[in-house]
Structure formats: C-alpha cells, structure tokens
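The values are calculated or read from the model by the stated rules, or taken from the named source; none is laboratory data. Small disclaimer: the values here were computed from a predicted structure and weren't measured. Ideal geometry is used to build each Cβ from the backbone, glycine not excepted, and the neighbour counts take in all protein chains shown. Keep in mind that these areas ignore ligands, DNA and RNA; they rest on the heavy atoms of the full protein, side chains included. Shrake-Rupley method; radii C 1.70, N 1.55, O 1.52, S 1.80 Å.
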Amino acid sequence: MRRLTDVGALREAYDLVIVGAGPAGMAAAVEAAGQDRAVLVLDENPGPGGQIYRAIGTAPLRDPRVLGAAYWEGAALADAFAAAEVDYLPGATVWHLDDALEIGVSAGARSAVLPARRVILATGALERPMPLRGWTLPGVMSVGAGQALLKAQGIAPTGRVVLAGCGPLLWLYAAQCIAAGAAPSLILETTPRANWRGALRHLPAFLATPYARKGLALMARVRRHLRVVPHVAALAIDAEDGALRVTWAEGTAFTADHVLLHQGVVPTLNLARAAGCAIAWDEGNACFAPVTDAWGTASLPGIAVAGDGAGIAGAEAAALRGRLTALEALRALGVLDEAGRDARAAPHRAALARWSRGRAFLDALYRPAPHFCAAPPDAMACRCEEVTGAALRDAARMGATGPNQLKAFLRCGMGPCQGRMCGPTITETIAQERGIHPREVGYMRLRTPAKPITLGEFAALRKTEADRRAVERR
Ligand SMILES: Cc1cc2nc3c(=O)[nH]c(=O)nc-3n(C[C@H](O)[C@H](O)[C@H](O)COP(=O)(O)OP(=O)(O)OC[C@H]3O[C@@H](n4cnc5c(N)ncnc54)[C@H](O)[C@@H]3O)c2cc1C
C-alpha cells in the first residue's frame, strides 16, 4: 500500500476509486489490487476499519473481551488491506461525484478533483435518526457515537446511563460497556410487541446462522447486569436540575446523566444521490437505498455501491459485496472476462448467501415503530436549521408535499449535514402528516458538495481546460 498524506500525492487519474475503508472498501481494494490497474481508496477517518472495525490498528482497549471477537476479526482484513498494492488516502472526505466519474476530495483543507474509470461507493450506513423531545439536549447522543468513543478512545459513559431504542447495536454496545466495567443503568427497549408476528416466520433461518447463538448469549448477559423495560411505546427526555429526566409511560421516569439512543442503521445515500444514482424504498429495512444489481452496479454507468451503503446486511456481507463489486470493476476494466469474474465470485456469492440468511428476521423484529421515526411537534426534526416537528408538520399541511418542496419552506436538509440527520425523519413525518406511505413521499434531492468544504478550497481547485471554457462561455 502507498499510504498518502495529502491530495498533492494523488496520481492524475485512477482506474478504480473506492470511497470508504470499512469492511466493504477494504475487501474491494484487496480483491482489485495487483492487477496492473491504479486503485485508490479514500476515507475520511484517520485509519481503516469503517464503523465496525473503527480504529482497529490503534484501539486503546487491548483487552479483547471488551469490544468482542467480531471486532478483532477485522484485524486480518486490515492487514490484507495494508499489504495490498493500492493508494490509500486517510482523512480524505469525498464531497463530489458526478456521472463523468469526476471525484472531488478534500484532505488537510486542500481539495482536488480527479477522474476515475470506475468508482465503488463503500460509504456504509448511518444510524437512523430518533427524533424525540429532548434528543438534542446535552448528555444525549446516539449509541453509535458512544461506541465510536469506546473503540477509538476507550471512553465509556459513567453515572446513570440509559440506553433507549432497538436493534442489535444497542445490545452489543450494552455488552461492550459491561465488559469495560461501565454497565449502563437501564435499557428502554422500543421493539413493538407486534413485530414478533412478522418476525417469527423468519426465526428458523435466523437460528441456523452463526451469529444467532452469539446474539442470544449476549442479550442474556446484558439482562443479567441491568434492567430492561420491553416494548416501550413512548419516550421523552427533559432537562432537570443539570440531569436528564427520561419518561416512557404515565408516571414512570428515570433521572439520568447520559441517554444514548439507537433504532437501527440506514444506508448513507448522499454521494450516490448527489451523483444522480437511482434510489428506491427498501421495505425490509424501512428506508431508501440505492438501486443496484447483483454486482452492486448502480443506475449510472461506472458507479457501483458496496456494503451497507447498498442496503443493510452487516459486516461480513459488506466485505463479500465489496469483493463482488471489485470483480465486476476488473471485468469492466478489461482485466477479467465474464467467466473469470464469475469463477472468482462463486465462493463469495455462496458465503454471502449464508451470511444473509438471518437478515429478514432481524429486519422484521427490529423494525422501528413509525411514530419513533417521525418528529413529534415538540421535537427538533432538522438539527442544522433548527426546524421543529411542529413547523415541519405545518408546512406539510400547507402544501409541502415532499422533502424538496419542504426545502423551499424551511431549508430542511440544506445545512452542514446535507440531510444525513434529517432525511429519513422528513420523509416519515410528511408521510405521517399526509397519511401516505414514505415510499410515495420520496427522499430529498442532494447536490454537491455532499460534505462541507471551504470556499477557499473550492476557489483553489486546479482549473481544467473544461472549467476555463465553461467560464469563458458564461
Ligand atoms: C455508528 C455505527 C456503528 C456500528 N457498529 C457496528 C459494530 O460494532 N458491529 C457490527 O457488526 N456492525 C456495526 N455497525 C453496522 C455496520 O454498518 C457494518 O457492520 C459495517 O461496518 C458496514 O461496513 P461498510 O464497509 O459497508 O461500511 P462502514 O464500515 O460504515 O465504512 C464506510 C466508510 O466510509 C467512510 N465514508 C463515508 N462517506 C464518506 C465520504 N463522503 N468521504 C470519505 N469517506 C467516507 C466512513 O467514514 C467509513 O469509514 C455499525 C454501524 C454504525 C452506523
């Protein structure tokens, strides 16, 4: 690997650019390397690993029991990535991608635009927002943020700690905190009781997967250490004497120092959407996801999406999908013919089928209640522009039929996060207000820059001949 430190060290052009160095991006790079093609991996984090294997090379917690075996399994992939014949630029934020396969990247407050022949977006997932009254108060954060602190800095919340929400990550984090000697005080579990009806038929397939036993043992361990309140259907957080008052049913409350929220993860859509790739509603995971084929190829030629960015399926599946998109890229770059691609893909496809078996059960069981996905009137819906659920609902009643009209009304999605934190909330809230399915509401259009860059960086961009001609034409 050629580990770069700034955009100045980038080549003029690359055959394959991979955005994201999580399991999908690292596996894609390992599969594509050493084929006499220029491969570049760009990732905004200081080191490889993505979400699950965050800080795998530098994690301060050396006791493997804290983060668990699944985390340390990432070390082998990170080592293979480090040995791969690719260029890698960490601390690099990709803010632009278009249908001409030009990529805008910023690192160290300097930007560059570079051309690629193929692009793989392995940008992963984000936590689904959980817009509650009080979710923006100091002391309230997401479980994923708490876990990032644990993985990268070895920090766990202490004092009176409440975890609220649903999904495998919430239980995993509780177990990691317990193993770190910082057991939370309470879990308010929001999985609707009714979800079991839809999940049960997928249970046999789930029980046949390698992670069912681990997951059930982990949940049992957590229940031995702390109180779990199941099927919580209402939640609100209020500031009270420097602490947080969490209420979840008439007359029941808990005073906490920290509240960590989580209700599953959804694909990051920003780059794919801003480039113009088609997205569609994924009923299984109740969210929008890029439209891709069996090789991860997206609707725009030359762009593929791999890993949880293409639809939530977990870390093992992410790595396998990364390999499949890389093999298709090698076919498109003339390295492999179809037969060669298919032969190399066969073991990955078989393993992907095995790892995907339990997904339907997890999706059905941990499908968040719609009312926890929409912003109640007294909750902040768009944090960047400080738009409340009440204002959003008024606008929907006054004619903002979808997220894009809403931008004109309230600027939702036009702040620094470019809709990452509010996109799903806006769709769900408008759907609830209008009494229609989120699929019909659609998702906000996104534009460049998909992540903030300074005007100075933009102005300092090396102008191409095409840029100069475009300016002269004006
Ligand atoms: C907060 C969080 C914590 C999670 N923790 C776990 C866990 O502990 N165990 C588990 O099994 N699963 C966990 N998951 C689920 C996780 O999605 C998958 O397990 C796995 O990490 C997916 O791999 P991936 O390669 O698709 O994406 P990721 O691992 O998310 O990697 C994507 C990478 O792309 C980078 N990136 C995104 N956009 C850009 C951009 N514009 N420019 C540059 N870089 C970019 C990201 O920073 C990240 O490094 C977590 C998910 C989230 C959201």
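Brief remarks on what is shown
- Here GLN405 does not fit the description of being among the polar types (S, T, N, Q), part of a helix (DSSP H, G or I) and within 19 Å of PRO377 (Cβ to Cβ).
- Between ASP98, ASP87, ASP43, the distinction of being within 8 Å of the ligand (Cβ to nearest atom) and at pLDDT 95 or above belongs to ASP43 only.
- Tallying residues that are over 21 Å from the mean Cα position of the chain (by Cα) and near the ligand (Cβ under 10 Å from one of its atoms) within region 46-61 yields 0.
- The strands (runs of 3 or more DSSP E) falling completely within region 207-294 that include 3 or more residues that are open to solvent by less than 30 Å² (accessible area, probe 1.4 Å) map to 243-249, 258-263, 287-290.
- Scanning region 259-271 finds no residues that are farther than 26 Å from ASN285 by Cβ and of a type in the set (A, V, I, L, M).
- The set of residues from region 287-311 being within 16 Å of the ligand (Cβ to nearest atom), of a type in the set (Gly, Ala, Ser) and over 20 Å from VAL30 (Cα atoms) comprises ALA289, ALA298, GLY311.
- Unique residue being in a loop (DSSP other than H, G, I, E, B), surrounded by fewer than 18 Cβ atoms within 10 Å (Cβ to Cβ) and within 23 Å of the chain's Cα centre (by Cα) when the list is ARG439, ARG447, ARG462, ARG420: ARG447
- Reported count of residues in region 317-354, each being within 15 Å of the ligand (Cβ to nearest atom) and of a type in the set (A, V, I, L, M), is 7.
Let's see how each residue does on (1) away from the ligand (no atom under 16 Å from the Cβ); (2) under 30 Å from ASP63 (Cβ atoms); (3) in the same structural domain as ALA70 (by TED's automatic domain parsing):
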{"site": "ARG133", "(1), (2), (3)": "yes, no, no"}
{"site": "VAL140", "(1), (2), (3)": "no, yes, no"}
{"site": "GLY146", "(1), (2), (3)": "no, yes, no"}
{"site": "ARG160", "(1), (2), (3)": "yes, yes, no"}
{"site": "LEU172", "(1), (2), (3)": "no, yes, no"}
{"site": "GLN176", "(1), (2), (3)": "no, yes, no"}
{"site": "ALA180", "(1), (2), (3)": "no, yes, no"}
{"site": "GLY198", "(1), (2), (3)": "yes, no, no"}
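- Screening region 23-37 for residues that are crowded, with 19+ Cβ neighbours inside 10 Å and of a type in the set (Gly, Ala, Ser) and picking the one that is nearest to the ligand (Cβ to nearest atom) gives ALA24.
- Yes/no for GLY50 being of a type outside the set (D, E, K, R) and open to solvent by 10 Å² or more (accessible area, probe 1.4 Å): yes
- When ALA24, ALA80, ALA84, ALA92 are checked against the criterion of being more than 22 Å from GLY154 (Cβ to Cβ), in contact with a strand residue (DSSP E or B) (Cβ under 6 Å, 6 or more places away or on another chain) and touching a residue at least 40 places away in the same chain (Cβ under 8 Å), a single residue qualifies: ALA92.
- Output for region 356-370, where each listed residue is assigned to a helix (DSSP H, G or I) and either surrounded by 21 or more Cβ atoms within 10 Å (Cβ to Cβ) or within 17 Å of the chain's Cα centre (by Cα) (or both): ARG359, PHE361, LEU362, ASP363
- Scan region 296-331 for residues that are over 17 Å from the mean Cα position of the chain (by Cα), over 18 Å from THR268 (Cβ atoms) and open to solvent by 40 Å² or more (accessible area, probe 1.4 Å) and the total you get is 3.
- Verdict on ASP257 being out of contact with any His (no Cβ under 9 Å at 6 or more places or on another chain), of a type outside the set (S, T, N, Q), over 27 Å from ALA318 (Cα atoms) and at pLDDT 95 or above: yes
- Residue match in region 95-107 (condition: within 30 Å of CYS177 (Cα to Cα) and surrounded by 17 or more Cβ atoms within 10 Å (Cβ to Cβ)): no
- Pick from region 62-72, criterion touching a residue at least 60 places away in the same chain (Cβ under 8 Å) and within 13 Å of the ligand (Cβ to nearest atom), ranking: farthest from ALA329 (Cα to Cα): VAL66
- Taken over region 406-465, residues that are of a type in the set (Lys, Arg), more than 16 Å from the ligand (Cβ to nearest atom) and touching a residue at least 24 places away in the same chain (Cβ under 8 Å) amount to 6.
- For region 247-276, a residue qualifies if it is within 16 Å of the ligand (Cβ to nearest atom), out of contact with any Asp or Glu (no Cβ under 7 Å at 6 or more places or on another chain) and of a type outside the set (Ser, Thr, Tyr), and the qualifying residues are LEU260, LEU261, GLN263, GLY264, VAL266, LEU269, ASN270, LEU271, ALA272, ARG273, ALA274.
- Subset of region 141-156 [over 14 Å from LEU170 (Cα atoms) and either open to solvent by less than 20 Å² (accessible area, probe 1.4 Å) or touching a Phe, Trp or Tyr at 6+ places or on another chain (Cβ under 9 Å) (or both)]: LYS151
- In region 28-54, the residues that are assigned by TED's automatic domain parsing to the domain that holds PRO168 never reach a residue that is among the basic types (Lys, Arg) and away from the ligand (no atom under 13 Å from the Cβ) with C-beta atoms less than 8 angstrom apart, at least six apart or across chains.
- Any chance GLY20 is surrounded by fewer than 15 Cβ atoms within 10 Å (Cβ to Cβ) and not charged (D, E, K, R): no
- Total residues in region 179-204 satisfying the condition of being assigned to a helix (DSSP H, G or I) and open to solvent by less than 40 Å² (accessible area, probe 1.4 Å): the figure is 3.
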